[in-house]
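Trainee: Take a look at this one; I'll ask things after.
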Amino acid sequence: MAEERNNNKAGEPEQSGIPRHIAIILDGNGRWAKKRGLPRTAGHAAGSENFRKIATYCRDIGVEYLTVYAFSTENWQRPEDEVRTIMKLLERYLNEAISTMERDHIRMKVFGDVSGLSPKLQKLVAKTNEISSRYEGFQANICLNYGGRNEIVSAARRYAEDYAAGRVTGELTEEQFGNYLYSAGISDPDLLIRPGGEQRISNFLLWQCAYSEFYFTDVLWPDFTSAELDKAIAEYQRRDRRFGKVK
Ligand code: FPP
């Protein structure tokens, strides 16, 4: 099933009006907290709670994949207590997800260099991956210790290894290369949303966003409600997706 879904490379837009795949850069947690006189870490707690709400909403309206940027390969350079809090929140989140995924048939995958995470987090990631492999339906992807360039370089390395070992032959195609990325088997994002006021991609899904529609808003992530998501989808529906062709 996942293989069949991996067909909307450049050329095949979704037809329903609801994006099949939404990607979100979770930005603005720190400012949200500052505005309220709270520590930045309180912003991350609110941000993680909002992820839960938006993921449920996406599932309910028929989105197939939601991919969020929670922690980049560069975010380790933040103050130690902030990194610790984010890791704790992720641990708590994955723990809770494990107990509800089976009931709700929600799939959750982690995209990123898992080997750089704590042993505890690695175990939780393995468990969520295992549960996810047993279900079909809505899938949330959390990008964690993730960087777009890093993803492409590690895919290239693994491809080169397979080639040298004779496990793959012939000329490399885009489709084949896509199978070495974390997103293997998943359609590319139709809509990329960045709340928090910045208008840049910040090393997120560089390969996969080749033909995504971008939506930027000043609303900070913890304030990004389902009504805000509706606005982003309405804007997306007004776009003319040509995938480099002439209509
Ligand atoms: C960006 O806001 C946010 C992050 C780097 C961390 C995001 C992490 C979470 C929401 C917690 C866990 C997530 C999940 C999916 C359970 P910022 O700190 O850069 O905000 P600022 O730009 O206002 O400073």
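Trainee: Please turn the phi angles of the stretch 108-121 into ³J(HN,Hα) values with the Karplus equation 6.51 cos²θ - 1.76 cosθ + 1.60 (θ = phi - 60°), one per residue in order, whole Hz, x for glycine and proline.
Mentor: 9, 10, 9, 9, x, 7, 5, 5, x, 9, 5, x, 4, 5
Trainee: Right, something else. Could you sort the peptides 92-99, 45-52, 237-244 by per-residue average Cβ neighbour count (10 Å cutoff), highest mean leading?
Mentor: Values: 92-99: 15.1, 45-52: 19.1, 237-244: 10.6.
So the peptides 92-99, 45-52, 237-244, ranked by packing, come out 45-52, 92-99, 237-244.
Trainee: Which of these, Leu90, Leu191, Leu229, has the largest mean-square fluctuation under a Gaussian network model of the chain (Cα springs below 10 Å)?
Mentor: Leu229
Trainee: Report the dimensions of the chain along its three principal axes from the alpha-carbon atoms, largest first, rounded to Å.
Mentor: Ordered largest first, the chain gives principal extents of 58, 46, 36 Å.
Trainee: On to the next question. Would you list which lysines come within 17 Å of Lys123, measuring only between C-alpha atoms, while excluding same-chain residues fewer than 8 positions from it?
Mentor: Partners within reach: Lys88, Lys109.
Trainee: Right, here's the next one. Ordering Trp76, Trp221, Trp32 from largest to smallest accessible area (1.4 angstrom probe), what's the sequence?
Mentor: Working: Trp76 95, Trp221 0, Trp32 40 Å².
Solvent-accessible surface, decreasing: Trp76, Trp32, Trp221.
Trainee: Moving on. With a probe of 1.4 Å, find how much accessible area the chain has per residue, and write the answer as a whole number in Å².
Mentor: Values: 12460 Å² over 247 residues.
It amounts to 50 Å² per residue over the chain.
Trainee: List the lysines whose Cα sits under 25 Å from the Cα of Lys245, skipping any in the same chain fewer than 8 residues away.
Mentor: Excluding near neighbours in sequence, the set is Lys9.
Trainee: On the accessible surface of the chain, probed at 1.4 Å, how many percent belong to carbon and sulfur atoms? If you can, show how the numbers build up before the last one.
Mentor: On the way: 6220 of 12460 Å².
The value for the chain is 50 percent carbon and sulfur by accessible area.
Trainee: Same structure again: Quick one: give the max-minus-min coordinate of the C-alpha atoms of the stretch 181-247 along each principal axis, largest first, in Å.
Mentor: Dimensions of the stretch 181-247 along the principal axes of its Cα atoms: 34, 31, 21 Å.
The values are calculated or read from the model by the stated rules, or taken from the named source; none is laboratory data. On a predicted model such as this, the values are computed, not experimentally measured, just so you know. Positions of Cβ are generated from backbone atoms using ideal geometry, with glycine treated the same way; all protein chains shown enter the neighbour counts. Keep in mind that these areas ignore ligands, DNA and RNA; they rest on the heavy atoms of the full protein, side chains included. Shrake-Rupley method; radii C 1.70, N 1.55, O 1.52, S 1.80 Å.
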